[in-house]
1. Which one is surrounded by the most Cβ atoms within 10 Å (Cβ to Cβ) among residues in the stretch 447-477 that are touching a residue at least 60 places away in the same chain (Cβ under 8 Å) and touching a Ser or Thr at 6+ places or on another chain (Cβ under 6 Å)?
2. Checking the conditions here, which among T434, T460, T402 is at pLDDT below 95 and either more than 21 Å from G337 (Cβ to Cβ) or among the polar types (S, T, N, Q) (or both)?
3. Only residues that are surrounded by 23 or more Cβ atoms within 10 Å (Cβ to Cβ) and over 17 Å from P74 (Cα atoms): list them for the stretch 37-54, please.
4. Inside the stretch 99-152, can you point out the residues that are open to solvent by 50 Å² or more (accessible area, probe 1.4 Å), in contact with a Lys or Arg (Cβ under 9 Å, 6 or more places away or on another chain) and more than 30 Å from F204 (Cβ to Cβ)?
5. Going through A347, A379 one at a time, which residue ends up being of a type outside the set (V, I, T) and within 18 Å of Y303 (Cβ to Cβ)?
6. What are the pairs, 6+ residues apart or on separate chains, where a residue within the stretch 295-321 that is closer than 12 Å to S222 by Cα and without any contact (Cβ under 8 Å) to a residue 24 or more places away in the chain has its Cβ under 8 Å from a residue that is acidic (D, E) and outside any helix (DSSP H, G or I)?
7. Is one or more of the residues making up the stretch 95-109 farther than 30 Å from L441 by Cβ and in a helix (DSSP H, G or I)?
8. What are the residues in the stretch 166-190 that are open to solvent by 20 Å² or more (accessible area, probe 1.4 Å) and not in a loop (DSSP other than H, G, I, E, B), if any?
Amino acid sequence: MARKKKELPLLEKVTITDVAAEGKALAKVNDLVVFVPYVVPGDVVDLQVKRKKNHYAEAVAVKIHEKSPMRVEPFCQHYGVCGGCKWQCLAYEDQIKYKQKQVFDNLTRIGKVELPEFRPILGSEKNMFYRNKLEYTFSNKRWLTEEEVKQDVKYDQMNAVGFHIPGAFDKVLAIEKCWLQDDISNRIRNSIRDYAYAHNYPFFDLRTQEGMLRNMMVRTSSTGELMVLLQCKITSDEELAKMKELLQYVADSFPEITSLLYVINNKCNDTIGDLDVEVFSGKDHIFEEMEGLRFKVGPKSFYQTNSEQAYNLYKVAREFAGLEGDELVYDLYTGTGTIANFVSRRARKVIGIEYVPEAIEDAKVNSQINGITNTLFYAGDMKDILTEDFIREHGRPDVIITDPPRAGMHNDVINVILAAEPKRIVYVSCNPATQARDLQLLGGKYKVTAVQPVDMFPHTHHVENVVLLEKREEPKH
């Protein structure tokens, strides 16, 4: 006989007190810490507990009794359903204050780092339409919201193009308007959707792996160039012809597209790193520009998704590096070499290391395009390339710039950095928690002398942080 599920409590008139990780807010009820999405500090709410552990619970707000003065009206019609932009209900000036606090708390609590006075966080001038890249998923399983289910809404069309619903891998929320990327992205997506509806194109079924239309990526750039990549499952000449008819329609409808690409993907996942990208019209790339430097961005390239804030971030990194023209710089996790090329004018030589071979090829091309001759790039696992032998061969760095993935740096990499003994380390991070852990490991030989948070992603909990570490003076005997 099945055990009866324990009924979880309703907590009434609870005051939300703080912001927590992953875009959630926090309340305390007696000794129980409760994590709640889509509320802000100062809200007084009724909370329905959804999951309960010994010392914490997860809940949703079912009624707001008092609205916080920090609360603002969300501007997106999909807010609260699509799972993105969870802080739209929090005024932007308060969002960035909490992001600054998040960095401070991580560095002091996790890293136990002795900190200088923080610089004020650099907020994003644009907090709508700020991204240069978005990906949309096609699915034959449209997600119905709770309201639609309650009202027993019946759609003639259950195909949808939009974003995956968190926790439902095969369901997609039909997006009408997204505020993250220039509105051209909305017009292209909706136009492709309407054409596909009118001409009965099959949308992909993630469970059965059937259907033609799978995924679409749109990239915009500061130069005004525009890339669209359509990903399809194609198993016959007839399907190939139908896909090309759709692409021709897109090319005719949107002459501003400078790079119209497609990928035939018959695999079980949407990754395209191992697939050939074909050009339907235009070029196979677009360009980004920064301080007169041009950066080639292909369909597989990594480039910071907020171009304007990326420029501010790189300026901080360059300033912290304190370059005077004669330094040897190592740029770890260099990606497509953006930072390496950006700082190269003020260094004797810059050596970039990155795991992804295609990114390193892009980095080399970016140096060539800009006439930069004092960079060298190497592809491979950081802990395998950055060794003491590598340093003996290429020289001891004066400055190391490191911008690792969210997981932070491998212990072997930290040990080689410590052995290399650069004068300065500039640590750029998209995850202040793992950055704090790494700073603690570096703290014996280096002290933190400057901290600059940068908000790259308005209305989300994510924050970038740049830390300058300088070598401690050896004790005098």
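The values are calculated or read from the model by the stated rules, or taken from the named source; none is laboratory data. Please read these numbers as outputs of a predicted model, since none were measured by experiment. Here Cβ is always computed from backbone atoms with ideal geometry, including for glycine, and neighbour counts include all displayed protein chains. For the accessible areas, the whole protein counts, side chains as well, though only heavy atoms, and no ligand, DNA or RNA atoms are used. Shrake-Rupley method; radii C 1.70, N 1.55, O 1.52, S 1.80 Å.
1. N465
2. T460
3. Within the stretch 37-54, V45, L47 qualify.
4. I110, E114
5. None of the other options fit; the residue is A379.
6. What qualifies is Y311/E291.
7. Looking for residues that are farther than 30 Å from L441 by Cβ and in a helix (DSSP H, G or I), one finds at least one in the stretch 95-109, hence yes.
8. Residues of the stretch 166-190 that are open to solvent by 20 Å² or more (accessible area, probe 1.4 Å), as a first pass: 166-167, 169, 171, 174, 176-177, 179-180, 182-183, 187, 190.
Once the filter is applied, which keeps residues that are open to solvent by 20 Å² or more (accessible area, probe 1.4 Å) and not in a loop (DSSP other than H, G, I, E, B), the stretch 166-190 yields F169, K171, A174, R187, N190.
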